[in-house]
Each structure stands twice: as structure tokens, then as C-alpha cells.
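Engineer: One structure, pasted below without further comment.
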Amino acid sequence: MPKDFLAGAKDHYDVVVIGSGLGGLTAANILAREGRSVLLLEQHYKLGGMATWFKRPGGNIFDISLHGFPHGMLKSCRRYWSQEIADSIIQLEGVRFDNPMFSLTTSFNRVDFTELLTTKFGIAQQKVDEFFTTARSMNFYDDQAMTTGELFEKYFPGREDVVRLLMEPITYANGSTLEDPAITYGIVFSNFMSKGVYTFSGGTDKLVKCMEKEMIANGVDIRINCNVEKITIANSKIKSVTANGREISTDCVVSNANLRATIFNLIGEEHFDAGFVSEAKEVRLNNSSTQVYMALNEDDHVDRSTGDLLFSSTAGRFKTDLLLSRDITSRTFSFYYPDTRPNKHDRTMIVSSTNANYADWTGMSKEDYDASKADLVETTLDALEKYLPNARQRVEHAEAATPVTFEHYTKHIEGASFGTKFEGLAVSRALPEQITGLYHAGSCGIIMSGWLGTINYGVIVANDVENMLHKQATSSV
Ligand SMILES: Cc1cc2nc3c(=O)[nH]c(=O)nc-3n(C[C@H](O)[C@H](O)[C@H](O)COP(=O)(O)OP(=O)(O)OC[C@H]3O[C@@H](n4cnc5c(N)ncnc54)[C@H](O)[C@@H]3O)c2cc1C
């Protein structure tokens, strides 16, 4: 008999959270801490969603999305998770750029960027200050007519090199383009510029283990290997969810699954207003990624001056669509030195990440797909050679992931790395107006994606849910 992963689960919960990405985990933890009965259902055999890792023989552990996040994570983790988690957040010292326009190393904060822009790029101090002040003052309620491209043109007309410095890391961090609303750039860029780029000491495995410990202490009923097949609606209200064939009653669902999958696959468009459905259909998915995971031979080390995060490109010009091309010219290398996991083996890992289109990786025969992955590994080793001489001999293990891999493990439509484009946020926020008790807390809208964005979105949605449950309880007294 197959194992029953829902054995012992109750028939009713105040809240069911679908998906254990950082947004889902955070919402589940806060609601349980408030005293709500919470069931967390994850279809994969591991918690974390995109915030995940995998192991290979010889003590090699690879992180998928632990490359860098803003300082704001410290406050969010201290408040909504634990001091232990907050205490493991440390700064990445060396962020490097290497492309035909410029090569430089930066601590990636406002002071250092100001210095670079004025001295190396020759921009007037006043212009730089104005740009930072404008970006810093942007918020979600601002006019969304101006695009990021127009913002750059206003402050740095004709300066493709400056645009590259300012935009390349953000495009990599959330897939945004020059055509997206300027606020999506301004908010994320300013978050990083406040104090630099941070990482989690101990790796993603430690983070997720700490989060699991905290959720257990707060009473979340955590269930892995539980695929939610359906959310049932009755009279425009949440009635139940069905996972692994079992129906569980609830008044409230927080879906951390892909926004479009939640609306069209788990619920069905017949439960929403026609106007809402057409708006939801217009929501574009964000791009996906490819990655190459490389482990250095035991006892081999990379010089620390190589940097922690290296934005490398051979493209003469910076164009966001070039970053998605199968013909890869831009790669972001993350170097994980042995102190990434201080108590583990003395191993160095390198992960190369590139934004990618799902369409470029589907519809192939198995042979073609495998050959394309092998080619991705080979071309990445070639590119790494510049920063790690004799890379081929020094790397003992290398393998690749594609948009199809991300789709497989997280069920994100088309393997979208950062959920949906900006218009997804309004649709996500409008769900409770369509169906009482239905919420979504997961990557969407660029500013609500990435580790910090999704954790903060989990907090916002947990507060919405708490308010709704509180109102329901007081109105029925
Ligand atoms: C290659 C790559 C690199 C990245 N690098 C960075 C980085 O350096 N810094 C950063 O801040 N962010 C980075 N990100 C983005 C970041 O990882 C994500 O934005 C964030 O982790 C997403 O969290 P989420 O809450 O939206 O949930 P997700 O991680 O998308 O998880 C959704 C969860 O829902 C589950 N699920 C889906 N459908 C069902 C169902 N029907 N039933 C049950 N469970 C279901 C999935 O299995 C999954 O666990 C990167 C992402 C990728 C792919």
C-alpha cells in the first residue's frame, strides 16, 4: 500500500496553505503563531520551493536560489521567524562585474555605487544623488506609466554602460526588463542599495530546517508529498481542498502555488467574474532560468578575490532580451567558499545562473534535451575558465538544470523563476474579493518575488487572513 502522507490529519483546519515556498512557509508560521490551526501541504518531498538545495556524493551540496538578497531579510526574519535565523544572515563582500564595457568589484551599496558612478563613469554627483533619491522614494502606489528604460534615459541619457551597471543585477535578481514599470526597478534596487547584498550562512538546508523547527513549535501541521488537486468553492466561499485524493474542510486557503495555476487549474474560471478572468488571463509569467552546478575537487580552493557574485558577460551591448537567449552571453557565477557551510566538508561550489525562456527547452526529444544540457555544461566550463584557470580539470562534478527542471520540482507554469510579471500583483490581491477566504502569497509582481519579496508577501497575506478570521469570529458572536 502506498504511504498515506495525510495519516492523522484533521478533517478541518482554520487555514490550509498550499505550497511551502518562502511565502507559504511565512504565512503558515505567522498564522499558527496567532493560534490558528494551520495545515501546510507541499507536493514535493522537501520544504522550501525554489529556496532549495540538493546533495551529491562526496559532501557536495548545491544551493539553487541562495545567491543574494537585501539587508531587509534580517528584520523580516527576526520579526516573523526567529533570532537564530536572523543571526545567520551575513553580508557578501565581493560583487563583481566583468563585461566588454567595464570590469569592477563593488560592495553594492549606495556609497560605493555613487563613488563608481562619479569617478569611473564620470556622472555628476548631483545627477547620481537625484537618481538615488527618486529610486528610493518609489512605492507601489506611484504612477506606473514610466518604464525603467525611461527612468534611465531621464537621468543618464545615452549611457548604456551606466544602464548595464544599474540594471544587470536586477534583471538577474527578478527577471525585470527595461519595459517594466520603473517602480519595479526602483523598489528592488533601493532595497539592495540600502546596505548591500546578503546571504545565509549555513546554506538553504540550514534555513529551511530552522523554519521547520519554528513551525513545529508553533503547531503547523506540515505535510510533504501532498499534492493539492482541487480547491472546492461553495456559494463563492472556500469549502475545502483535496490533496492526495482526500478532501479536507477549511474556511481559508493561502495558495503559494503559481498564481495562474491557482486560478485556472486548482479552482476553475467558472468561479470568478468574467472581468476578473480576462484580467487574470492577461497576466504574463516571468522568465525561467538555467543553472550549472559545479563542485571543485576536494582540497582545491578558489582565491577569495574571485568574488562571491560575478556578473559576467561577453555581449558588447546590454540588452535584456539577450539575457534570455539560448545563445548564452551572460552568466552570473555564485562562488560558495567552504565557509558557506562552516561545519560541513571543506568544499567549494560554483553555480552559474542564466535567465532563460521555457519555450527554448521544451518539445525536444529526450536525446536532444540531454545533448542541450550537456552543451550547457560544456559552454559554462569554457566561460568559467577565464576566472578559474583549468576549470575543466578542477571541477569534479557538473550538471545542469533547465526551465523544465524548475517546472518539474515546483509546478510553476513554464518553470517561471519569479512567478508572474507586475500585473500579477493586482490579480493576486483581488482574489478575496472574488471568493471569500481565498488568498495567494507567492512570487508575483516582481517586487513580491525573491527571498525578501516572498517572505514579506507572506507576512502581508497572513495579516489579511488573520483580519478576515477575526471579523468572521466577531460577527458570528
Ligand atoms: C535559479 C533561481 C535563482 C534565484 N536566485 C535568487 C536570489 O539570488 N535571491 C533571491 O532573493 N531570490 C532568488 N530566486 C527567486 C526566489 O527563489 C523565489 O522568488 C522564491 O523562493 C519563491 O518563493 P515563493 O513563496 O513564491 O514559492 P515557490 O518557491 O515558488 O514555491 C511554491 C511551492 O508550492 C508548491 N506547490 C505548487 N503547486 C502545488 C500543489 N498543487 N500542491 C502542493 N504544493 C504545491 C511547490 O512545490 C513549491 O514548493 C531565484 C530563483 C531561481 C529559480
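No value in this document is a laboratory result; all are computed from the given coordinates. In this text, all values refer to a predicted model and were calculated from it rather than measured experimentally. In this analysis, Cβ positions are derived from the backbone assuming ideal geometry, glycine residues included, and neighbour counts consider all displayed protein chains.
Engineer: Could you state the per residue volume, in Å³, of the convex hull enclosing the Cα atoms of the range 324-368?
Structural biologist: 118 Å³
Engineer: If a/c stays under 1.5 just call it rounded; otherwise compare a/b with b/c (prolate if a/b is bigger, oblate if not). Do that for the range 242-398, with a ≥ b ≥ c from the square roots of the Cα gyration tensor eigenvalues.
Structural biologist: Judged from the Cα gyration tensor, the range 242-398 comes out prolate (a/c at least 1.5, a/b above b/c).
Engineer: While we're looking at this one, here's another question. If each residue's Cβ is checked for other Cβ atoms within 10 Å, how do R260, R110 rank with the fewest at the top?
Structural biologist: Lowest count first: R110, R260.
Engineer: Further question: Could you tally the net charge around G196, taking each other residue with its Cβ under 13 Å from the Cβ of G196, Lys/Arg +1 and Asp/Glu -1?
Structural biologist: Overall, the nearby charge balance is -1.
Engineer: Also, I was wondering about something else. Assuming 0.692 mPa s and 37 °C, estimate D for the range 115-272 with Stokes-Einstein, Rh taken as the Kirkwood radius over Cα pairs, in µm²/s.
Structural biologist: 165 µm²/s
Engineer: Let me ask something additional. Using a 7 Å offset from the Cα along the Cα-to-Cβ direction at both R392 and A234, what is the distance between the two label points in nm, to one decimal?
Structural biologist: Spacing of the two 7 Å Cα→Cβ label points: 6.6 nm.
Engineer: Using 27 Å as the Cα-Cα cut-off, could you pick out the over-long pairs in K154/K421; K120/K154; K213/K239; K55/K366; K75/K471; K127/K195?
Structural biologist: K213/K239; K75/K471
Engineer: With just the Cα atoms defining each centre, how far is the range 322-395 from the range 34-88? Give it in Å.
Structural biologist: 23 Å
Engineer: Which loop-located GluC sites (Glu not before Pro) does the range 302-393 contain, where loop means any DSSP state but H, G, I, E or B and the Cβ has at most 13 other Cβ atoms within 10 Å?
Structural biologist: Within the range 302-393, the qualifying GluC sites (Glu not before Pro) (loop, at most 13 other Cβ atoms within 10 Å) are E385.
Engineer: What nm value, rounded to one decimal, do you get for the distance between D346 and T436 when each label is placed 7 Å out toward the C-beta?
Structural biologist: In this crude label model, D346 to T436 measures out at 6.4 nm.
Engineer: For the range 190-332, what class follows from the C-alpha gyration tensor (a ≥ b ≥ c being the square roots of its eigenvalues): rounded when a/c is under 1.5, otherwise prolate if a/b is larger than b/c, else oblate?
Structural biologist: It comes out oblate by the Cα gyration axes.
Engineer: Let me ask something else. Where the only charges are on Cβ atoms (+1 Lys, Arg; -1 Asp, Glu), what is the dipole of the chain about its Cα centre, to the nearest 20 debye?
Structural biologist: 820 debye
Engineer: Work out the FRET efficiency for Q472 and F264 from their Cβ-Cβ distance, taking R0 = 41 Å, and round it to the nearest 0.05.
Structural biologist: 0.90
Engineer: Amide H of N227: which non-local residues (sequence gap of 5 or more, or other chain) have their own amide H closer than 5 Å, using H built in the peptide plane?
Structural biologist: For N227, whose amide H was placed from the backbone, the distant partners under 5 Å are N244.
Engineer: For the range 416-460 and the range 94-171, compute the distance between their C-alpha centroids and round to whole Å.
Structural biologist: The two parts, judged by their Cα centres, are 27 Å apart.
Engineer: What's the percent breakdown of Cα-Cα distances in the range 109-195 across 5 Å bins, shortest bin first?
Structural biologist: Result returned by the calculation: 3, 14, 28, 29, 19, 6, 1.
Engineer: How fast does the chain diffuse by Stokes-Einstein, in µm²/s, taking the Kirkwood radius from C-alpha pairs at 4 °C and 1.567 mPa s?
Structural biologist: 56 µm²/s
Engineer: Within the range 1-109, report the GluC sites (Glu not before Pro) that DSSP leaves as loop and that have at most 15 other Cβ atoms within 10 Å.
Structural biologist: In loop regions of the range 1-109 (DSSP not H, G, I, E or B), the sparsely surrounded GluC sites (Glu not before Pro) are E93.
Engineer: Work from the charge dipole of the range 109-195 (Cβ charges, +1 for Lys and Arg, -1 for Asp and Glu, about the Cα centre) and give the residue of Q126, P181, M138 farthest towards its positive end.
Structural biologist: Projecting each Cα onto the dipole axis, the largest value belongs to Q126.
Engineer: Quick check: residue separation of R78 and I216 times 0.36 nm, minus the Cα distance between them. What number comes out in nm?
Structural biologist: Residue separation times 0.36 nm, minus the Cα-Cα distance, leaves 47.9 nm.
Engineer: Here's a follow-up. Can you give the FRET efficiency to the nearest 0.05 for Y45 and A145, using r as the Cβ-Cβ distance and R₀ = 41 Å?
Structural biologist: 0.35
Engineer: Rounded to the nearest 500 deg cm²/dmol, what is the calculated helix-only ellipticity per residue at 222 nm for the chain, with -39500 (n - 2.57) per DSSP H run of length n ≥ 4?
Structural biologist: Only helices count here, giving -11500 deg cm²/dmol.
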